Amino acid sequence: MATAKSAPVEAFPIGVTESGELPLPWLAAPLAAALSLGRSHALLVHGPAGGGHLEFALVLAQTLLCEAGGERTLACGRCASCRGVRGRSHPDLLVVLPDALRLQLGWVGEDEKLGKGDAKPSRDLRVEQVRQAIAWTQTTSGRGRGKLLLLHPADALNIPSANALLKTLEEPPGDVRFVLATEAAHQLLPTVRSRCLTHT
């Protein structure tokens, strides 16, 4: 899970900046469309490769957790919540990535172990990661605007991890939202897809 703070935040653009800039300019229209869908507990974001799925999902998370704006307007980029998302320290946002991607992004702390001492970091979202994320969803919101669990890439859910997620997707605890981002929605289990509102 991505909670380490050892890598410089500037290495990967996260969320709306304090000046209101998006990390990728082409995300404005899809973001507006996603926000117009209304409130859904689970959103499956998908599209062609190279579209900026993780960047989009992080901006969406920042917008949904923003303390200054509403749920249908872009994140302000300046409030404590927006700064927390950009700094990867927001208590109500959990970003779950495969170990290999976390290494690639520099989101691994020096004291953090990946997986179970594997020779190569996993490219899957492991069942242990999903179970820890589910336990996290059942704790109280730190800032009072609900919680958001982001899984990327969602197609990296293997069969055991997807099955572990199903019950929580079907009956989410409290005010928890899920964002699953992927370039290959067709590779997800149909039961996972059917529990999400999809957005291309």
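The values are calculated or read from the model by the stated rules, or taken from the named source; none is laboratory data. In this text, all values refer to a predicted model and were calculated from it rather than measured experimentally. When we count neighbours, we look across all protein chains shown, and the Cβ atoms used for this are built from the backbone with ideal geometry, even at glycine. Accessible surface areas use protein heavy atoms only, side chains included; no ligands, DNA or RNA. Shrake-Rupley method; radii C 1.70, N 1.55, O 1.52, S 1.80 Å.
Using a probe radius of 1.4 Å on heavy atoms only, what accessible surface per residue do you get for region 114-200? Whole Å² is fine.
Accessible area per residue, region 114-200: 51 Å².
For region 122-177, state which trypsin sites (Lys or Arg not before Pro) are in a DSSP loop and have at most 16 other beta carbons lying within 10 Å of their beta carbon.
Hits after loop and neighbour filter: Arg123, Arg143, Arg145.
Considering only protein heavy atoms and a probe of 1.4 Å, how much of the accessible area of the chain is carbon and sulfur, as a whole percent?
Numbers: 4920 of 9330 Å².
The C+S portion of the solvent-accessible surface of the chain is 53 percent.
Using DSSP to call loops (not H, G, I, E or B), can you name the trypsin sites (Lys or Arg not before Pro) in region 36-95 whose Cβ has at most 15 other Cβ atoms within 10 angstrom?
Arg39, Arg72
Write down the accessible area per residue of region 27-87 in Å², having rolled a 1.4 Å probe over the full set of protein chains.
Heavy-atom accessible area per residue stands at 36 Å².
Given points 7 Å out from each Cα along the Cα-Cβ axis, report the Asn158 to His41 separation in nanometres with one decimal.
It is 2.8 nm.
Could you sort 159-165, 59-65, 20-26 so that the peptide with the highest average Cβ count within 10 Å comes first and the rest follow in order? Let's see the in-between values first.
Working: 159-165: 18.3, 59-65: 25.3, 20-26: 13.6.
So the order, starting with the most tightly packed, is 59-65, 159-165, 20-26.
Across region 159-172, in residue order, what do the Karplus-derived ³J(HN,Hα) couplings come to in whole Hz, using 6.51 cos²θ - 1.76 cosθ + 1.60 with θ = phi - 60° and x for Gly and Pro?
Result, ordered by residue: 4, x, 6, 5, 5, 5, 7, 3, 4, 6, 5, 6, 10, x Hz.
Return the long-range amide H neighbours of Cys76 (sequence gap of 5 or more, or a different chain), with a cut-off of under 5 Å between placed amide H atoms.
It is Ala68, Gly69, by chain and number.
Give a residue-ordered list of calculated ³J(HN,Hα) values for region 145-153 (Karplus: 6.51 cos²θ - 1.76 cosθ + 1.60, θ = phi - 60°; whole Hz; x for Gly, Pro).
10, x, 10, 9, 10, 10, 10, 8, x
Please report the antiparallel percentage of the DSSP beta bridges confined to the chain, to the nearest 5.
0 percent
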